[in-house]
2 protein chains.
Amino acid sequence: MVPKAAKYALGLDFGTNSVRVLVVDIANGNEVGTSIFDYPSGTAGILLDIKDANLARQNPADWTLGIEVAVPEALAEAKKKVKGFDPINVIGIGVDTTGSTPLPVDRSGKPLALYKEFKKNLNAQAWLWKDHTGHAEAAEITALAAAGHPEYLAKCGGTYSSEWFWSKILHCLRADPKVAAAAFSWVECADYIPGLLTGITEPLKMKRSRCAAGHKAMFNAKWGGLPAKAFLAKLDPRLGELRDRLYDKTYTSDVAAGGLTKDWAKTLGLRPGIAVAVGAFDAHLGGVGSGVEPGRFVKIIGTSTCDICVWPAAKKLPDVPGLCGIVDGSVLPGCLGLEAGQSAVGDIFNWFVNVIEPGGPKKGSHAALTRKAAALEPGASGLLALDWLNGNRTVLVDQRLTGLLVGLTLHTRPEEIYRALIEATAFGALTIIRRFDEYGVKIRDVVNCGGIAEKNPLVMQIYADVTGLEMKVARSAQTCALGAAMAGAVAAGRRGNGHATFAEAQAAMGGIRRTVHRPDAARHKIYLELYDLYRELHDAFGTKSWGGSLFNVMKELLAIKDRQRR
Amino acid sequence: MVPKAAKYALGLDFGTNSVRVLVVDIANGNEVGTSIFDYPSGTAGILLDIKDANLARQNPADWTLGIEVAVPEALAEAKKKVKGFDPINVIGIGVDTTGSTPLPVDRSGKPLALYKEFKKNLNAQAWLWKDHTGHAEAAEITALAAAGHPEYLAKCGGTYSSEWFWSKILHCLRADPKVAAAAFSWVECADYIPGLLTGITEPLKMKRSRCAAGHKAMFNAKWGGLPAKAFLAKLDPRLGELRDRLYDKTYTSDVAAGGLTKDWAKTLGLRPGIAVAVGAFDAHLGGVGSGVEPGRFVKIIGTSTCDICVWPAAKKLPDVPGLCGIVDGSVLPGCLGLEAGQSAVGDIFNWFVNVIEPGGPKKGSHAALTRKAAALEPGASGLLALDWLNGNRTVLVDQRLTGLLVGLTLHTRPEEIYRALIEATAFGALTIIRRFDEYGVKIRDVVNCGGIAEKNPLVMQIYADVTGLEMKVARSAQTCALGAAMAGAVAAGRRGNGHATFAEAQAAMGGIRRTVHRPDAARHKIYLELYDLYRELHDAFGTKSWGGSLFNVMKELLAIKDRQRR
């Protein structure tokens, strides 16, 4: 009997600075080929404006170039690594991207940025997720929604962000009417890439991402899709008109956006017509790639942390206050996707190591500090920190909050501060998990992914000891791209030699590393005592309503800071 | 006409690690000779016990040796520097010492430590100011006084310290009955040295220091001197008995304890019979040396800061809560001496530079950080700190409080933290000055002395900008020894070719440096805003009574820390 040839799926992971391609064996999750393409435009792929620190754009041509270069490279590696590997056995492609990263397109779906007249116009490029030029518009949208449509805000933590879809478009309408007028529609990067690969680029025909729409554009079936035309028109009549040129239907990533075009198939050396899944955001497919399922909490730990979990859509779930987003199907079809996060995690440790540099670059390295911090007992330093050095994304939803360190003495050592900072991020994580729990979302175990999860067992052990939960680590080092590949395999479906469901794909392609970090009961007990104190600080400095509020201390410091820096 | 020969006074400054001798021209304050003698015993002059970190003792023989070596050296330097200098023109000697540093003596006033049988017994040595072995006894004394004699505590900030006279003796009574029984009496170092030099060593005959007695032994004319016999006997019957072998009269430092003995005159090359002033504590004579007078606040800034000011005894002054001590004549005769302080100042900056070492030893030096911190505007970092890294000595009187830093972001730079720490000590200083002010003690200007005052104009400018007061710097780099020399000149009196009063001595021998740091109105305004926020943190973390108290956070962190370090 001739053995059946192995089948593969591609995961395309469009990040802030580069695109990564992963070739995955859909039977066992073996990652047989990979390639990274650094975006050539701007500074590390980001178009900046020296006059406006809030501005961050991306050149959509970089994405196309990235696909053209990185896919063949990844396939070439697979050929080298796997005897008899043939790209003909790639059965599907999945796409994950940053977001909200919308770009203006014409009637055919072609980005304005690709036209000569707009090539150098920053407003015609993709508005990268971290662009904050629309902060005034975000406040305006929040205020208007709070007044007339509180339901719009209920699913996104009570505040509409400057990083999101409508803030950006509204800002463009006001800042650059020419671009705004030339834009027939706007598409998310997560919509644009599958459109590009399938040739279905027309804004009204392409299959839009549920994940992007639900999290960033206040799309919800409850109120008939996007926010009401009247609401948008009140912000700007042109925004109301734009609504008709956007979408009223969205799709989950188990659905194929279409088939790979002949041209692309030729360019990439793949079979034409293979399934290209509807796109989604990186963290959400990272959750899929890490094996998310009801009761499991996925932490994608990087410079910041994104938390993903799911809840069966058939079961009732109240709005969870302070959560960034609850969107039906954003992670898995048939499930509410729940997204939370911490604005800074690795960035806090990096700040201490790279900016404070205690003892100099050598003595103050992550490795040296981790070694010394590992020898300390919980609570023995007398230190306690608030992990808000980049604000608080979930529960308090306040980007302007700042970090705090208490318990300092003349004997306080750098490794004690380092450990206190790690513990603070663990207390932040526990605060999110408890908020889920309070609203009925019980967490059984936690799967972590990202560099810190893989390389720093001290962080994982502290997380286990603080939360009292087992900390597992995803087997793949590229869970976002792996999740995208799973989407590709599921979009292909059984008929296309792929998987029938995400559950099937996860079972076959996913996995957990052998080492599990289990909570130590004695340490957990101490940490719960410390957590009570963390909560006192958290509530005092983070909430206006706290009696004898110190909330004002943080906010008034910022007001003075703003004035003095002007 | 033969010019009248210049007259000189010696200042003997007995510190923690060494004794310093200063030869001063009483007409103009010229410091013509100086010498430092490092105590040879123990670790940098401190006898330690590896089994008890609270223990810190001193060998009284080191003091004698120090006088024998350093006085001739200082005189020799004067001879070299001043043509025609003759020790015969030294007309008086003043003495300042650490305190409370009591030692057990026999009936003749000879220290038990000098007897062979007690030579190696740490309890027979001088109990250095920083010895905390009597912490349990201090709590006992505080409790008993609070219950029956609140007036005893009213003048010492509400809490009797383990660093003070009775705590130490009571601890000795319990820990070493043999030493306690052999001790006919106990004398402060400030009493012992003048006794030694004048030969009036008998405990009941020597002239005891008002400063030492009033600040550390709860001596006050209001209740007939030392605490009541019944009170002491309740603590321990032997302590009640000891009271009869102590003193019922004390003296200010304008009074001569006696004349220099023939033997000492010979040993030191001085005239026999010259006045030796009654001793006082270093900070108090440092205040005198810095020109303290009503309305002037003297800050002796070192690793910690001691604040000294005076108030005419004839004018009514209420008890100032949170002040370490208010003692009639402890600084100037006819004035109440008011002592306050900050538990850590230079030590905080040293901690950041030497323990945290931001950027390594070079980038994180005081000079480098000061240079960068000087370029910052008040409030521009968004940081605010509490200066309690070694507790809070004045106003809160709580040694267990800890430091805090709020406003941290991923962009926070080491020099911003350094400046915030300097500002925190300035806010701490302002809190003390305001407490004085609230009780009627108006401050007109501030004279600073100590290394930081002399060498770091940024610190002085920040102090001026925060307090809104002019910061002056004492001319002398040795204000304690200079103050002691003034005492020597005043004790000699007009008849002994010295000065009639301290005011006269200060006018002749003291002085202020030319550079005065004047507050900048705009910066002062910002700092007052920041100070309001400092006070919110101060009250929240420092006082139990604050609504929604965070006081518990600091204290519970310490409770956990103590448990986890055991």
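Couple of notes before you dig in:
- Per-residue Karplus couplings for segment A:394-410, computed as 6.51 cos²θ - 1.76 cosθ + 1.60 with θ equal to phi - 60°, are listed in order as 10, 5, 8, 6, 8, 5, 8, 4, 10, x, 8, 9, 10, x, 5, 9, 5 Hz, Gly and Pro entered as x.
- Share of pairwise Cα separations in segment A:214-279, more than 20 Å, in percent: 48
- The HN-Hα couplings worked out from phi for segment A:485-502 by the Karplus form 6.51 cos²θ - 1.76 cosθ + 1.60 (θ = phi - 60°) are 4, 4, 4, x, 5, 6, 4, 5, x, 4, 5, x, 6, x, 9, 6, 9, 5 Hz, whole numbers, x standing for Gly and Pro.
- Cα Rg over Rh - segment B:55-150, Kirkwood: 1.16
- Computed 3J(HN,Hα) for segment B:531-547, one whole-Hz value per residue from the Karplus formula 6.51 cos²θ - 1.76 cosθ + 1.60 where θ = phi - 60°, is 5, 4, 6, 4, 5, 4, 5, 3, 6, 5, 8, x, 10, 5, 7, 5, x, glycine and proline marked x.
- Förster radius 51 Å - calculated FRET efficiency between B:A508 and A:K362 (Cβ-Cβ, nearest 0.05): 0.35
- With only Cα atoms counted, chain A has Rg and Dmax values of 23.4, 78 Å.
- Computed over segment A:414-532, relative contact order equals 27 percent, with contacts defined as Cα pairs under 8 Å that lie 6+ residues apart.
- B:V327 accessible area, assembled protein chains, probe 1.4 Å, Å²: 10
- Ranking of B:R413, B:R296 by solvent-accessible surface, largest first: B:R413, B:R296 (1.4 Å probe, protein heavy atoms only, all chains present).
- What the Kirkwood sum gives for segment B:187-227 is a hydrodynamic radius of 10.6 Å, with every pair of different alpha carbons counted.
- Each principal axis of segment A:8-86 carries a Cα extent, and these read 53, 19, 15 Å when sorted largest first.
- Accessible area ranking (1.4 Å probe, heavy atoms, ligands and nucleic acids excluded), largest first, for A:K81, B:K222: B:K222, A:K81.
- Cα-Cα separations in segment B:422-478 greater than 13 Å, expressed as whole percent: 59
- Label-to-label distance, nm, for residues given as B:R495 and A:E529 (7 Å Cα→Cβ offset): 6.7
- Averaging 1/r over every pair of different alpha carbons in segment A:415-566 and inverting the result gives a Kirkwood radius of 18.5 Å.
- Calculated on alpha-carbon atoms, Rg and Dmax of segment B:73-129 in Å: 17.8, 49
- Residues whose amide H falls under 5 Å from that of B:G258, counting only those 5 or more places apart or on a different chain, are B:V276, with hydrogens built in the peptide plane.
- Using C-alpha pairs below 8 Å separated by at least 6 residues, the relative contact order for segment A:218-279 is 24 percent.
- Taking every protein chain into account, the 1.4 Å probe leaves B:T261 with about 30 Å² of accessible area, to the nearest ten.
- For the protein assembly as shown, share of DSSP beta bridges that run antiparallel, in % to the nearest 5: 70
- By average C-beta atoms within 10 angstrom, highest first, the peptides A:524-537, A:39-52, B:462-475: B:462-475, A:524-537, A:39-52
- The Rg/Rh ratio of segment A:27-69, with Rg taken over Cα atoms and Rh as the Kirkwood radius over Cα pairs, comes to 1.20.
- Computed FRET value (nearest 0.05) for B:N552 with B:A76, which takes r as the C-beta separation and R₀ as 60 Å: 0.50
- For chain A, the relative contact order is 15 percent, taking Cα pairs closer than 8 Å that sit 6 or more residues apart in sequence and dividing their mean separation by the residue count.
- For B:Y8, the residues whose amide H sits under 5 Å from its own are B:I26, B:V90, B:I91, ignoring neighbours fewer than 5 places away on the same chain, with H placed 1.01 Å from N.
- Counted over all Cα-Cα pairs of segment A:285-389, pairs farther apart than 21 Å make up 52 percent.
- For the Cα trace of segment B:226-364, dividing Rg by the Kirkwood Rh returns an Rg/Rh value of 1.11.
- Cross-link partners for B:K178 among the aspartates and glutamates, with Cα-Cα distance under 14 Å and sequence neighbours closer than 8 places in the same chain left out: B:D106, B:E117.
- Cα centroids of segment B:81-149 and segment A:177-224: 83 Å apart.
- Once the convex hull of all Cα atoms in segment A:102-250 is built, its volume per residue stands at 96 Å³.
- Accessible surface of segment B:441-515 [probe 1.4 Å, protein heavy atoms]: carbon and sulfur percent: 50
- Accessible area that becomes buried as A packs against B, both chains, 1.4 Å probe, Å², nearest 100: 4800
- By the equivalent-ellipsoid construction on the alpha carbon gyration tensor, the protein assembly as shown comes out with semi-axes of 74, 29, 25 Å, ordered largest to smallest.
- With the whole protein complex present, A:H135 retains an accessible surface near 100 Å², based on a 1.4 Å probe.
- Neighbouring partner chain Cβ atoms per residue of B:529-539, average, 10 Å criterion: 3
- For the protein assembly as shown: accessible area per residue (Å², 1.4 Å): 37
- Across the cross-link table entries A:K80/A:K130; A:K51/A:K119; A:K207/A:K299, which are compared at the Cα atoms, the separations over 31 Å belong to A:K80/A:K130.
- Between segment B:1-57 and segment B:498-552, the Cα center-to-center distance that results, in Å: 29
The values are calculated or read from the model by the stated rules, or taken from the named source; none is laboratory data. Note that the coordinates shown come from a computational prediction; the quantities given were computed from them, not determined experimentally. Note that each Cβ is placed from the backbone with ideal geometry, even for glycine, and that neighbours are counted across all protein chains shown. Just the protein is used for accessible areas: all its heavy atoms, side chains included, with ligands, DNA and RNA removed. Shrake-Rupley method; radii C 1.70, N 1.55, O 1.52, S 1.80 Å.
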